[in-house]
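Comments concern the structure below.
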């Protein structure tokens, strides 16, 4: 028997014939709709697929993508990054975080800058690596700077659970987990400061699907019902995304407005109940979380429950952590871009003061941000 | 008790001499080196020589497919080979952290010796320094080398529409191997670095009379850095068929999990070639004698000068950019 190879798992989802076939189905469907449809892909992973595979080049003129705020690194406000920087600079602290968080600049610099100044900053692929770091460094305090949407929250919860059950006494947490539905609501509801209008341009959502592996597709129920925006929870391969777009267009041409799942091979309506329970055990909703580029979004953040205050680095180090927030740059129009009201190239500092190596706004921070993607892949799109 | 390198081994005195004779002379001995003069006096047949230098640091020092010693010889010899020259004389500088395991140092020297033999090159001069513990990360090796030119005119500035772009084997193996071996990334795989000497391959191309325009080994920055440098230096557009880029399933797996592009990953025994169109298929046949995965990946156009374009099999295009910053895994 031939053994299963990785390529067997993805080949069909990147198959050029299938992608072309979907492109022609999308074109036919779009012709039935006599208006333009702006589809927001909320998740940074989707933005990445769209850019990497050049999907806008396969879309008819009346179908456009709006790149949403779903990159956990991009949306981290400066004052939270300042927290990470200050914690990293404390004596006897090893600051641990995930991937490209370490390159995002706060007002004092990035964690890379802190590391260059002698701080012990490490990135891990799995938060559980903290356990090994803690046992290798018993005289150090390990602070896990936890970031990410519903997708990564359970990993932090498992680490907390392990720390408590194994009685590990040198791991602490700085929690920056955020949730998707609240920010989607904010995008629809909020007033745009620059033009004093509530007019977002979002007609439908491609639902973040690894979020839904954990939280279920149920979290998007209100969007078709209360806001009249169709949602299709969609996978990350190009064939997935083409099918997701087609499903959205069909809802418009058939006059439906529903919450559908394209990514059925891993997403269910209810999601991962065990993971949800674990999250509920350790976290509360924070009443406000400030998003870089969007400002304060009600109920969009998580924080450790009061009974775990002894693990909460934000409480333990409260005397050294600044509470005042840092405003976004005045010329930055990330808020408008995220609402689909402006194109990255319309920003006066795009590509000049704001570049991937020295980002000003959230959308330029990581490769999953809209501005960074336009800067990089630019004029072919 | 394990033997280690004492700080005094860098003092220029007795301990220094002991380290040099027991480890380095033992591995590298040849008539020129053993003369122990202040400088090596070299004889050369060719009128033109190629010269290159590079310093090497890698964590871990020993990795699947190689070690820092093999890397240090391959690195400099490959740079020389990329100019159509035969690596001949090498100098080596060792900067060693106090307390470094002597057995490991011997192992590294033996591995260098083996790789020098592949290139037909020899160490003609060397230097050793020992730094106090904690001031450097274990070991840094510098190598410089001279090679005799066997094929003239290779340049990254002369690539034109008359050239075809090839790659000598599947890409990204070294970068993927080192990344998965580092601390904090608990990944197990059968990955092996591609760390290897390229002179034998280049010699085969030259011997067959292949018309070579440019060669460059795709080290840091990977294939995307090489192609972007070529596009800029020769003021051309390079168009690559994405599906044709050879990537092993293991490297692909690492990239899929961590969110990397194989074209961004470092190689230490893989090179890009710009070969005159009429010789491209013959060059490919020769490359395939060394690696079955050698492939023609693209052509030169003037669609977007100074840029590299990736064409997908379903009709979309995107730029292949030069990688920037530290290689960091994606979050989710």
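Rule-based calculations on the coordinates, nothing more; no lab input. This one's a predicted model, so the numbers in the text were calculated from it and none came from an experiment. Note that we place each Cβ from the backbone using ideal geometry, even for glycine, and neighbour counts take in every protein chain shown.
Structure values in brief
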item	result
Simple label model, 7 Å out from Cα along Cβ direction - residue A:226 to residue A:108, nm	3.8
Cα gyration tensor category, rounded, prolate or oblate, for segment B:51-111 with a/c compared to 1.5	prolate
Residue of B:191, B:34, B:61 that the Gaussian network model of chain B assigns the largest fluctuation, springs spanning Cα pairs under 10 Å	B:34
Relative contact order %, segment B:163-319, counting alpha carbon pairs below 8 Å whose residues are six or more apart	43
Prolate/oblate/rounded call for segment B:200-240, Cα gyration tensor, a/c under 1.5 rounded	oblate
Projected label distance in nm at residue A:258 and residue B:220, using a 7 Å step from Cα toward the beta-carbon	5.4
Exercise: per-residue mean of other protein chain Cβ atoms within 10 Å, A:51-59	4
Cα point-scatterer Debye curve for the protein assembly as shown, base-10 log of I(q)/I(0) at q = 0.05, 0.06 Å⁻¹	-0.29, -0.41
Computed lengthening from residue B:157 to residue B:190, 0.36 nm per intervening residue step minus Cα-Cα distance	8.1 nm
Percentage of interatomic Cα-Cα distances in chain B larger than 34 Å	28
Sequence-separation-based contact order of segment A:62-156, relative, with Cα cut under 8 Å and 6+ spacing, percent	31
Average beta carbon contacts from partner chains per residue of B:320-330, 10 Å cutoff	5
√(5λ) per eigenvalue of the Cα gyration tensor, segment B:163-319, largest first, Å	25, 20, 13
DSSP beta bridge pairing in the protein assembly as shown, given as percent antiparallel to the nearest 5	55
Estimated D of segment B:7-149 in µm² per second, where Rh is the Kirkwood radius over Cα pairs and Stokes-Einstein applies at 25 °C, 0.890 mPa s	159
Projected-area mean, segment A:177-279, by convex hull of Cα positions, square nanometres	7.6
Cα gyration tensor shape for segment A:74-229, rounded if a/c is under 1.5, else prolate or oblate	oblate
Three principal axis lengths of segment A:334-380 [C-alpha, angstrom, descending]	25, 24, 19
Rg/Rh ratio calculated on Cα atoms of segment B:112-188 (Kirkwood radius)	1.07
Computed [θ] at 222 nm, deg cm²/dmol, chain B (DSSP H ≥ 4; -39,500 (n - 2.57); rounded to nearest 500)	-8500 deg cm²/dmol
Mean ellipticity per residue at 222 nm, deg cm²/dmol - from DSSP H runs of n ≥ 4 across chain A, formula -39500 (n - 2.57)	-10000 deg cm²/dmol
Percent RCO, i.e. relative contact order, over chain A, from Cα pairs under 8 Å lying at least 6 residues apart	21
Chain A: angle of helix A:16-31 to the longest principal axis, Cα-based, in degrees nearest 10	60
Distance (nanometres) between label positions extended 7 Å along Cα→Cβ at residue B:3 and residue A:25	7.1
Förster radius 22 Å - calculated FRET efficiency between residue B:206 and residue B:45 (Cβ-Cβ, nearest 0.05)	0.90
Cα-based equivalent ellipsoid, segment A:40-86: semi-axes from gyration tensor eigenvalues, Å	31, 10, 6
Neighbouring partner chain Cβ atoms per residue of A:5-15, average, 10 Å criterion	2
Cα pair count fraction exceeding 27 Å, expressed as % - chain A	50
